[in-house]
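Notes for the one structure printed next.
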């Protein structure tokens, strides 16, 4: 990886690359990229954990909620998951659909990692006939739902910082096989436009990540979705929250063997890199391509609205070691105010739908 980065940097203007170029290389390079390697990334033996790996309840509840949305709004049961990882969410979703809904469904996975495609094929039974593609553009347009879980936080970002009243872009260079940062005066017009549109005025010494690649992803989603719902699960901040003094250092960080690493130039190609996303930018750019904002919910709020408590009522078992009891504990962990769900929000956007009632309590 270092040899490749050295070549990439030496062939770039001023021997510097942006953080966006660096992240693109270390996460998504076909051979050296972290997500592309045949290496376990999720779970105890990996570097991080996701909600769908705590319990299958997340996928099961989403399946039931999607089924109710399809029935209420006469929506075709086409479900597209972007970045399906090890396939556990898809497996839980399809298992629930098969057992409690039973009608035909088309499940599509957009996944660029050959390793993750292999894991998905191992866990998802072949009779489900899941469509797997490398890019959204490979799918034809459809009615239904587009879902992603921790997708946008892994997209490349630029990094800027304010120093002595001026804005700089933080770049990446290399010297003696060691990666380091250098600041250059901000000149990228797209970054300047982002700051102006977001009305973000940085304080002295404040850093922030600029997610220019987010806009293209949103555009691509809107191109394939003719009518339906976009459900985005991720962690992030509103523009107002980005202004809080605790966020002056930005949110760019790495995860390596379940340890948070502040310097993302460490372990290139061997470490997950993530940032908190800009919720207001996601919503704004969605509106520009006909993805109308419906709601922003904490993950526990979404699960409660999707009637997760019915799973507790219907499956009581006094044996603390039974599968049912384990499941009930997992449900409680997902709705506890201090649990993992408190860190995530779900953004719901809709396209071409007149009635916006998506939950039973809204009817």
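The values are calculated or read from the model by the stated rules, or taken from the named source; none is laboratory data. Just so you know, these numbers come straight off a predicted model, no measurement behind them. Heads up, the Cβs are rebuilt from the backbone with ideal geometry, glycines too, and the neighbour counts pull from every protein chain shown.
Entry remark, segment 199-212: residues being at pLDDT 95 or above and touching a helix residue (DSSP H, G or I) at 6+ places or on another chain (Cβ under 7 Å) number 4 in total.
If you check 166, 162 for being over 16 Å from residue 263 (Cβ atoms), over 22 Å from the mean Cα position of the chain (by Cα) and surrounded by fewer than 16 Cβ atoms within 10 Å (Cβ to Cβ), only one passes: 166.
Each residue in segment 256-284 was checked for being surrounded by 14 or more Cβ atoms within 10 Å (Cβ to Cβ), farther than 21 Å from residue 213 by Cα and touching a residue at least 24 places away in the same chain (Cβ under 8 Å), and 2 pass. Among the residues of segment 171-190, those that are at pLDDT 95 or above, more than 30 Å from residue 85 (Cα to Cα) and either part of a loop (DSSP other than H, G, I, E, B) or in contact with a helix residue (DSSP H, G or I) (Cβ under 8 Å, 6 or more places away or on another chain) (or both) comprise 173, 174, 184, 186, 187, 188, 190. Whether a residue is more than 23 Å from residue 343 (Cα to Cα) and either surrounded by 19 or more Cβ atoms within 10 Å (Cβ to Cβ) or touching a residue at least 40 places away in the same chain (Cβ under 8 Å) (or both) was assessed, and residue 171 passes this test. May I ask you to verify whether residue 337 is over 30 Å from residue 239 (Cβ atoms), assigned to a loop (DSSP other than H, G, I, E, B) and more than 19 Å from the chain's Cα centre (by Cα)? No; evaluated as a whole, the condition is false for this residue.
Within segment 234-251, one or more residues are buried (at least 19 other Cβ atoms within 10 Å of the Cβ) and within 30 Å of residue 75 (Cα to Cα).
Suppose we filter 159, 230 for residues that are in contact with a strand residue (DSSP E or B) (Cβ under 7 Å, 6 or more places away or on another chain) and either more than 30 Å from residue 73 (Cβ to Cβ) or without any contact (Cβ under 8 Å) to a residue 40 or more places away in the chain (or both); which single one remains?
Working: 230 fails: either more than 30 Å from residue 73 (Cβ to Cβ) or without any contact (Cβ under 8 Å) to a residue 40 or more places away in the chain (or both).
Matching residue, one of 159, 230: 159.
Taken together, the residues in segment 100-115 that are surrounded by 21 or more Cβ atoms within 10 Å (Cβ to Cβ) and under 17 Å from the mean Cα position of the chain (by Cα) amount to 5. When the criteria are applied in full, residue 230 meets the requirement of being buried (at least 20 other Cβ atoms within 10 Å of the Cβ) and within 22 Å of the chain's Cα centre (by Cα).
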